[in-house]
Amino acid sequence: MFLAGALALGITAITGAAAFAATPQPNPMDDIVTTLSTKFNLNKADVQKVFDDSRTKMEASRTAAEATRLADAVKAGTLTQAQSDVITAKKTELLASRPTMEGKTKTEIMTSMKTQRTALDAWAKSNNLPTDYMKYFGGHGEHAGGHRGFGMKGKIPSQNQQ
């Protein structure tokens, strides 16, 4: 499975750089916010607010797109309404309780991700969810190739197999 190989490669690369892995990882947006506010003599809090507002809009757009794809899958008969509802509820639960990774080391981040994936895979199996739909949780499933819950080009699994 591609994902397992990629995960193993990622873990190997990270454990091979132990000194780097032990370094707390900063929020990657902090540097951009600081650079923009300094370069254009702007209030850093105002620049941060623009980034935060943009993130909120993108998350709302992504949530709406995922809801549309789930509704389309139910219409196509590749997912039941109950399965769609359970996916939506779990996604909401995970977003509300997601831990911050800011200040964590790469090793801590990878360990957390692996633990979350194991728990999510068990949850999916206990809810009789097709593997293809795990992409809504950030790249799980044999056809998931996108980022942040988007599958391959945002298509439903039956379209991915063409």
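Taking a straight Cα-Cα cut-off under 25 Å and skipping sequence neighbours fewer than 8 places away in the same chain, the lysines within cross-link reach of Lys135 are Lys57, Lys75, Lys90, Lys91, Lys104, Lys106, Lys114, Lys125, Lys153, Lys155.
Would you work out if segment 30-69 is rounded, prolate or oblate? Take a ≥ b ≥ c from the square roots of the eigenvalues of the alpha-carbon gyration tensor; rounded if a/c is under 1.5, else prolate when a/b is larger than b/c, oblate otherwise.
Judged from the Cα gyration tensor, segment 30-69 comes out prolate (a/c at least 1.5, a/b above b/c).
FYI, it's all coordinate maths here, none of it is from the lab. None of the values given here were measured: they were computed from a predicted structure.
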